[in-house]
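Notes follow the structure.
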Amino acid sequence: MSSNKEKLFTEFQAPTAQDWLDKIQVDLKGADFDKKLVWRTNEGFNVQPFYRREDVLKLKTPDALPGEFPFVRGNKKDDNSWYVRQNIKVEDAKAANAKALDILNKGIDSIGFHIPGKILSAEVVETVLEGIQCECVEVNIKTCQRKSVELAKYLTAYFDKKGYDKEKLVGSIEWDPIEKIVMKGKDATGLIAVAPELINALKDYPKFRCIAVNAGALNNAGAYIVQELGYALAWGNEYLNQLVEAGVEPTLAASKIKFNLGVSENYFMEIAKFRAARMLWAEIVKQYEPKCNCACKMCVNATTTTYNMTMFDSYVNLLRTQTEAMSAALAGVHSIVVNPFDVVYEQPTDFSERIARNQQLLLKEESHFDKVVDPSAGSYFIEELTSSLADVAWKLFLKVENEGGFLEAAKAGSVQDDINATNTKRHADAAKRKEFILGTNQFPNFTEKADGKAPVSCCCGCGSNDEPTFKAINSTRLAADFENLRMQTENSGKVPTAFMLTIGNLAMRQARAQFSSNFLACAGYNVIDNLGFKTVEEGVDAALNAGANIIVICSSDDEYAEYAIPAYKYLDGRAMFIVAGAPACMDDLKAAGIENFIHVKCNVLETLKEYNAKLGI
């Protein structure tokens with residue numbers, strides 16, 4: 001049998017990379033290879049259309065083993081299990097406890113409590129945790145940054161009272177004053193000095209972390225993957241360096257840091273991000289000479305992003321969060337939070353929370369994502385992404401270090417400027433549909449209404465009324481501009497009707513009618529498509545009989561010279577007239593008084609705002 005196996009496929013000659021390239025050039029028929037097939041990522045490197053074994057042999061990442069330094073392949077050797085986490089805002093301690101006990105019976109094994117500082121007390125902590133077996137459930141608690149040490153003391157007193165085994169308790173206190181500096185511009189620098197006291201309170205709990213790196217906030221502000229990764233590493237190193245300088249032993253300091261990262265829709269790149277993050281963090285911690293490599297393990301909680309979530313066509317959010325959760329699970333993170341599909345416009349309902357839980361349970365119980373360690377290992381594509389992303393993130397990390405470290409960079413505002421610039425660019429790209437938001441700026445649901453739905457505003461807790469000392473990150477969801485436009489149309493009480501005057505070449509008129517319908521529906525317009533008309537007069541009459549406020553003539557470029565001006569003159573200002581496309585005769589059409597054209601190079605958002613203004617909306 002062995003000899004047969006050795007001879008298998010030997011009669012076939014293995015193609016070389018040049019053979020593939022030659023074949024591709026033939027199929028391209030003269031088109032530019034780089035422009036057509038090379039992916040120019042937002043992360044600062046290009047991705048080739050194919051990779052081969054020899055490409056991966058040049059990399060170091062495939063040499064690593066699961067559960068071993070530098071942990072690129074994960075922190076575990078035996079399986080890929082993760083905690084299924086759900087967060088609860090504590091407004092009433094008994095109600096929060098009842099909810100926690102309920103969802104623990106529905107597949108959750110990690111709870112994240114947010115206890116406002118104004119109600120924090122030993123009694124509240126006991127009430128919230130009553131009946132929860134903390135040795136079997138991961139417990140994460142967030143409160144006012146100024147009261148986190150107080151919280152740690154309440155927790156340890158409760159654990160002692162219950163007689164829990166300190167070795168078995170897994171969880172975290174999400175203390176991160178730097179987040180307040182970066183996101184809100186608040187001066188929380190004075191709080192950093194309490195970090196050693198916080199660690200000391202939990203030093204006997206080896207699996208309970210208390211220093212958080214909430215870089216997921218950057219993700220929710222629109223940061224590109226390399227920005228989130230590079231800044232997260234610098235952020236974590238800032239805490240680690242401050243702790244070591246304050247006299248905390250490096251092994252203990254590193255073991256108390258937890259990373260809360262976001263996960264966006266870029267499926268393979270997100271898998272690579274978490275793999276690269278573990279590898280780079282391990283190398284950073286190693287420089288502090290910890291007592292064991294176990295201190296170099298990066299503990300990551302991944303939360304699906306809200307930046308790309310939408311209020312309209314909100315069930316598409318389920319598709320977004322599902323692929324995001326898949327990326328995080330395959331990448332081997334510690335725990336995952338799936339945001340309910342309605343979180344951006346209402347307090348999540350029992351239904352949406354149940355679906356969010358089940359999204360993770362499907363990955364575990366039906367797809368068995370928890371059984372295989374680092375299933376993406378050896379993939380030429382993902383190994384290449386991991387290595388490339390690590391390279392560019394490391395350059396960003398070094399840049400921040402050269403600025404004096406993450407805290408100094410945040411105080412100087414360079415981090416905020418970088419993220420704000422990316423957010424601005426992404427909104428501009430969305431406006432031009434260079435970045436698609438399914439159901440919002442591309443293929444919107446024509447008949448959907450907001451029906452009173454409105455985006456949820458984010459409010460912060462303590463110190464929210466203080467004037468910012470430093471620069472802040474100012475961000476809105478990617479879909480917000482289009483949502484505001486659509487709600488403006490809906491709330492005006494006079495939703496315009498757009499009528500497709502299809503005429504001439506069958507293929508072109510259908511294609512342009514579909515394009516125009518999608519274009520105008522982004523503003524919430526009522527759209528009427530048609531099979532075609534024999535004359536422009538027939539089409540205009542049909543449009544006006546249908547109560548059209550907008551008539552879009554849809555034909556081929558060559559035929560616009562014949563149809564557009566007669567249609568415009570026959571309409572005689574009784575409705576807005578739009579030409580679908582950018583024909584060669586555009587100057588002639590403009591000279592005749594036609595001023596509205598929609599095509600792929602348009603800024604969709606600005607064009608629709610202009611149309612709303614013309615229509616008195």
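Descriptive notes on the structure:
- Counting charges near Val213 (Lys, Arg +1; Asp, Glu -1) among other residues having Cβ under 15 Å from its Cβ returns a value of +3.
- Convex hull volume of segment 382-449 per residue (C-alpha atoms, cubic angstrom): 139 Å³
- Relative contact order (%) - criterion: Cα under 8 Å, at least six apart; region: segment 36-78: 19 percent
- A viscosity of 1.306 mPa s and a temperature of 10 °C, combined with the Kirkwood radius over Cα pairs in Stokes-Einstein, give a translational diffusion coefficient for segment 85-230 of 99 µm²/s.
- As a fraction of the 1.4 Å probe accessible area of segment 111-192, surface on carbon and sulfur atoms comes out at 47 percent.
- Of all aspartates and glutamates in the structure, those lying under 19 Å Cα to Cα from Lys161, and not within fewer than 8 positions of it along the same chain, are Glu123, Glu126, Glu130, Glu135, Glu138, Glu150, Asp204.
- For the chain, the relative contact order works out to 14 percent when only alpha carbon pairs closer than 8 Å and six or more residues apart are counted.
- In the context of the full set of protein chains, residues of the chain present 45 Å² of accessible surface per residue (probe radius 1.4 Å, heavy atoms only).
- Taking the protein heavy atoms of segment 243-321 in the context of the full set of protein chains, the accessible area attributed to carbon and sulfur is 56 percent at 1.4 Å.
- Computed per residue of the chain from DSSP H runs no shorter than four, each worth -39500 (n - 2.57), the mean residue ellipticity at 222 nm is -13500 deg cm²/dmol.
- Overall form of segment 4-68 per C-alpha gyration tensor (a/c, 1.5; a/b vs b/c): oblate
- Between the Cα long axis of helix 506-521 and the first principal axis of the chain there is an angle of about 50°, rounded to the nearest 10.
- Pairs exceeding a 27 Å alpha-carbon distance, out of Lys106/Lys142; Lys184/Lys258; Lys180/Lys434; Lys297/Lys434; Lys258/Lys453; Lys453/Lys601: Lys180/Lys434; Lys297/Lys434; Lys258/Lys453; Lys453/Lys601.
- Cross-link partners of Lys411 among aspartates and glutamates (Cα-Cα below 17 Å; sequence separation of 8 or more within a chain): Asp176, Glu179, Asp187, Glu238, Glu401, Glu403, Asp466, Glu467
- More than 15 Å apart - percent of Cα-Cα pairs taken over segment 315-370: 44 percent
- Degrees, to the nearest 10: 148-162 long Cα axis against longest axis of the chain: 60 degrees
- Computed over the Cα atoms of the chain, pair by distinct pair, the Kirkwood hydrodynamic radius stands at 27.2 angstrom.
- Computed over segment 83-134, the percent of Cα pairs more than 13 Å apart is 52.
- Secondary structure note: in the chain, about 5% of the DSSP beta bridges are antiparallel.
- Atom-type composition of the exposed protein surface of segment 355-504 places 53 percent of the accessible area on carbon and sulfur (1.4 angstrom probe).
- Once the Cα atoms are used to define both axes, helix 380-402 deviates from the longest principal axis of the chain by about 70 degrees.
The values are calculated or read from the model by the stated rules, or taken from the named source; none is laboratory data. It should be emphasised that the depicted structure is a prediction, and the values quoted were computed from it without experimental measurement. Because the Cβ atoms are built from the backbone with ideal geometry, glycine has one as well, and the counts that use them run over all protein chains shown. What goes into the accessible areas is simple: the full protein's heavy atoms, side chains included, and nothing from ligands, DNA or RNA. Shrake-Rupley method; radii C 1.70, N 1.55, O 1.52, S 1.80 Å.
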